1. In whole Hz and in residue order, list the ³J(HN,Hα) couplings for segment 265-279 that follow from phi through the Karplus curve 6.51 cos²θ - 1.76 cosθ + 1.60, θ = phi - 60°; x for Gly and Pro.
2. Run the numbers for I445 and H161: contour at 0.36 nm per residue of separation, minus the present Cα-Cα distance, in nm.
3. Around Y172, which amide H atoms from residues at least 5 apart in sequence, or from another chain, sit under 5 Å from its own amide H, with H modelled in the peptide plane?
4. Within the chain, which is the longest segment that contains none of the chymotrypsin sites (Phe, Trp or Tyr not before Pro) sitting in a DSSP loop with at most 12 other Cβ atoms within 10 Å?
5. Which residues' amide hydrogens lie under 5 Å from the amide hydrogen of R141, considering only partners 5 or more residues apart or on another chain, with H built in the peptide plane?
6. Calculate the translational D of the chain in whole µm² s⁻¹ from Stokes-Einstein, where the hydrodynamic radius comes from the Kirkwood formula applied to all Cα pairs, the temperature is 4 °C and the viscosity 1.567 mPa s.
7. Would you kindly derive the ³J(HN,Hα) couplings of segment 40-53 from the backbone phi angles with the Karplus curve 6.51 cos²θ - 1.76 cosθ + 1.60 (θ = phi - 60°), listing them in order in whole Hz, with x for Gly and Pro?
8. Putting +1 on Lys and Arg Cβ atoms and -1 on Asp and Glu Cβ atoms, find which of G325, T81, A314 reaches farthest to the positive end of the dipole of the chain.
Amino acid sequence: MTSQYDFFVIGAGSGGVRAARVAASLGARVGICEEKDLGGTCVNAGCIPKKLFVYASRFRHEFSRAADFGWKPTLPEFDWTTLVANKNREIARLNGVYEKLLRDAGVDIFVGRGEIASEHSVRVAGQQMQCDTILVATGGRPSRPAVPGAELVLSSDDIFHLSSLPKSIAIYGGGYISCEFAGVFHNLGIRTQLVHRGERLLRGFDDDVRSFVGDRMAKAGVELHLGRTLSRIENAAGVKRATLDDESAIEADAHFAAIGRVPNSAGIGLERVGVELGPRDAIVVNERFQTSVPSIYAVGDVIDRVALTPVALAEGTVVARSLFGDQSPLMRYDYIPTAVFSQPEVGTVGLTEHDARAKLPSVRIFRSSFTPLKETLAPRDTDSVDGTLSVHRSEVLVKLVVDGGTDRVVGCHMVGSGAAEIVQGLAVAIQAGATKAVFDATLGIHPTTAEEFVSLRTPIADNA
Ligand code: NDP
């Protein structure tokens, strides 16, 4: 039987849309289905709306700094409804952009949940499509805490749609999302408590980064409950009260869990054709993202490798090119730059000091922390525009991890304003294999924060 499609994609998020577009540009007949809004988590309940919220919250610091430079502001009033409405308008525009990109590429879009009917067919909204190859790009969803009262806890799918700004919030988890939203809500002026089971935030990041972020968040006024877990949550006379494992209680208007995400691999017919699943029900794939069923591929959060948009985009590109173009290079997972838009912000690429020491016979560490120029006019300790919220001088941490054997810079870490933008640039050099000598030979742009990365001359002593 002639296939209707060469390539049919289930899930129009970052990885699926990229794969569909690249495949179509290479001449494949492509269909894609999506049951929710085009663009997936990143566009609708992740990176984009989150960053807009981060921008909104950063104005508090900017208003405060303005006073240091002679402006006499009173803290303007914040209106949550305006932010949410403007955010929704922008997301709707992006949904339209995604649709246009797909249609312009010649991809057929189907609205509805896709289900694998056989190794070469997908069912969507009562229609059955024959296809040579199928790509599963169904992403992930937030994990829910397994405690009594969990239905009272919001997830990252809910947090973007709150009808009003709560007066207080308790956030559970110590990873990307919890750190980012702790910064958002704290800087929007509401009491923010963060409960994390570990002793430090951001497991997997460099230890100096983790300490620096935790210290600065606490200093800024986020109330950290470290080494604690949520035991139960109840609604007592209109007050949402969480009880932690030490029986201490937290009351807050809103409780929000960001304790990781799980792959969306259920209910899409994978078991019908025998696609192998691994830990956490992630789809198992080979180096070209082919599953245990040769005609079925999978990319992005549903394979549970690295849950980042640019990774899903790159994986989608590898699949499309492998199937319809030349045998493109394999996906590389080393030197993936990433940022946490916490406040202060984190940017990082390459090895942590801990991992470098475990992997390499000799390592040199360069590190500096300082107050950037823009912050130097602020009073040393705290500053407040409205007398109710302290805004601290925002400090910066920069760190390079160097392979002592080759002089190659194998890790670059920054906390502070502009970290994501700066590290994105440095990631190019590091991807290209720049040595510390190359960093040393690079002239700085003065006065900037980024110049510190090319001014680090003396390695810190071991254990310093
Ligand atoms: P993360 O994996 O970043 O963090 C999860 C946090 O929840 C960790 O602190 C973890 O603790 C904790 N945790 C996990 N299970 C439990 C549990 N049962 N009880 C209590 N705590 C628990 O996940 P997020 O949900 O923050 O984000 C999901 C993913 O989305 C990220 O990993 C990232 O890949 C992506 N993302 C990327 C962003 C970006 O690029 N800026 C922004 C937001 C999300 P422990 O450390 O002890 O395991």
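1. 10, 8, x, 10, x, 4, 5, 4, 9, x, 5, 6, 10, x, x
2. Taking I445 through H161 to full extension adds about 98.1 nm, to one decimal.
3. Correct list: V195, F256, A257, A258.
4. That gives 72-332 as the longest site-free run.
5. V262, N264
6. Stokes-Einstein gives a translational diffusion coefficient of 54 µm²/s.
7. Values, residue by residue: x, 4, 3, 7, 9, 8, x, 3, 6, x, 4, 5, 4, 5 Hz.
8. Positive-most Cα among the choices belongs to T81.
The values are calculated or read from the model by the stated rules, or taken from the named source; none is laboratory data. Because the structure is a prediction, the values reported are computed rather than measured. Virtual Cβ from ideal backbone geometry, glycine too; neighbours counted across all protein chains shown. What goes into the accessible areas is simple: the full protein's heavy atoms, side chains included, and nothing from ligands, DNA or RNA. Shrake-Rupley method; radii C 1.70, N 1.55, O 1.52, S 1.80 Å.
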